[in-house]
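**Student:** Here it is, the structure in full.
The values are calculated or read from the model by the stated rules, or taken from the named source; none is laboratory data. Remember, predicted model here, so these are calculated numbers, not experimental data. Cβ placement follows ideal geometry from the backbone for every residue including glycine, while neighbour counts extend to all protein chains displayed.
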Amino acid sequence: MDEQTKLELEAAAFRRMVAHFQERTDVQNIDVMNLAGFCRNCLSKWYLAAAEEKGVDLDYDQAREVVYGMPYGEWKAKYQTEATAEQKAKFAERHSNH
């Protein structure tokens, strides 16, 4: 496989993952963090870091909007729920060693 094709496939997979996260507003970031070790915010930070490496003028809020499909505050108001005690405990347990 040539490098351009590889890049295009990786970009397509990224776009599909972002679309999936945008469609699955019922899935909370804390659940994804607890299961996979990353969430929408992590993905936004990785996107921002890639932009910075390329010299692209982008800030964290703009990167979040790419991933969330809307301003973060709007997504949070519409879809984010309060984490349960169990979710918080699991998060604390998994991140106490970091």
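**Student:** Among the residues of the stretch 37-45, are any surrounded by 11 or more Cβ atoms within 10 Å (Cβ to Cβ), within 19 Å of Glu10 (Cα to Cα), touching a residue at least 40 places away in the same chain (Cβ under 8 Å) and of a type in the set (A, V, I, L, M, F, W, C)?
**Tutor:** Taking every residue of the stretch 37-45 in turn, none turns out to be surrounded by 11 or more Cβ atoms within 10 Å (Cβ to Cβ), within 19 Å of Glu10 (Cα to Cα), touching a residue at least 40 places away in the same chain (Cβ under 8 Å) and of a type in the set (A, V, I, L, M, F, W, C).
**Student:** With Glu82, Glu52 as the choices, which residue is free of Cβ contacts under 8 Å to residues at least 40 places away in the same chain and within 19 Å of Met33 (Cβ to Cβ)?
**Tutor:** From the options Glu82, Glu52, the qualifying one is Glu82.
**Student:** So, one more: Which of the residues that make up the stretch 76-85 are hydrophobic (A, V, I, L, M, F, W, C) and either assigned to a loop (DSSP other than H, G, I, E, B) or surrounded by 13 or more Cβ atoms within 10 Å (Cβ to Cβ) (or both)?
**Tutor:** Scanning the stretch 76-85 gives a single hit, Ala83.
This table checks each residue for (1) in a helix (DSSP H, G or I); (2) of a type in the set (Asp, Glu); (3) modelled with pLDDT of 95 or more.
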site	(1), (2), (3)
Ala19	yes, no, yes
Asp26	no, yes, yes
Gly55	no, no, yes
Gln62	yes, no, yes
Glu74	yes, yes, yes
Gln87	yes, no, no
